[in-house]
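Here's the structure we're looking at; comments come further down.
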Amino acid sequence: MNFLPKAATALAAALCIAPPALAQDGDPVTGKGVFMNRCSQCHAVSGDQIKTGPPLTGLFGRTAGTWPGFNYSEAMRTSGIVWSHEIMAEYLVAPRTVVPGTRMNFNGLKRPGEKEDLIAYLAVSTSG
């Protein structure tokens, strides 16, 4: 379900971009499966456990490249990104396009609905 006003959706279509994915668009239960299969090897959703990637605790609203003790790439540290659902939707599809030079070894989500489901899961599981 798209919550954007019709004018914003029309503008997005005119610009040949997809309207932003919101957590309400996805299923967090399905998103947990996406996370477990595609993300959990490198990231924890809560706590302070640093794996290959930084923990995702408090992800939305946090500035990229700022988890204490994690050695981020310069590209991520200087990206200026503040994680939102919309930016995460872009990043999950093409991380190296959104942050050229990132060290994250992930080619992106390609299946329809995956990014929306994952964002819905992250919205409920990383808020602590």
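The values are calculated or read from the model by the stated rules, or taken from the named source; none is laboratory data. Computed from a predicted structure; not experimentally measured. Note that we place each Cβ from the backbone using ideal geometry, even for glycine, and neighbour counts take in every protein chain shown. We work out accessible area using only protein heavy atoms, side chains counted, and drop any ligands, DNA or RNA first. Shrake-Rupley method; radii C 1.70, N 1.55, O 1.52, S 1.80 Å.
Suppose R0 equals 25 Å; then what is the FRET efficiency for THR52 and ALA94 from their Cβ-Cβ distance, rounded to the nearest 0.05? Can you show the working numbers first?
Details: r = 20 Å, r/R0 = 0.79.
With a Förster radius of 25 Å, E is 0.80.
Per-residue accessible area (protein heavy atoms, 1.4 Å probe) orders ILE50, ILE119 as ILE50, ILE119, starting from the largest. Solvent-accessible surface (1.4 Å probe) assigned to THR78 amounts to roughly 100 Å². Computed over protein heavy atoms with a 1.4 Å probe, the accessible surface of segment 25-66 works out to 50 Å² per residue. On the basis of the beta-carbon distance and an R0 of 25 Å, THR66 and THR30 show a calculated FRET efficiency of 0.30.
The string of couplings for segment 101-112 from the Karplus curve (6.51, -1.76, 1.60, θ = phi - 60°) is x, 4, 8, 5, 8, 8, 8, x, 8, 10, 6, x Hz, one whole number per residue in order, with x for Gly and Pro.
With an a/c value of 1.5 or above and a/b not larger than b/c for the gyration tensor axes a ≥ b ≥ c computed over the alpha-carbon atoms, segment 46-128 is described as oblate.
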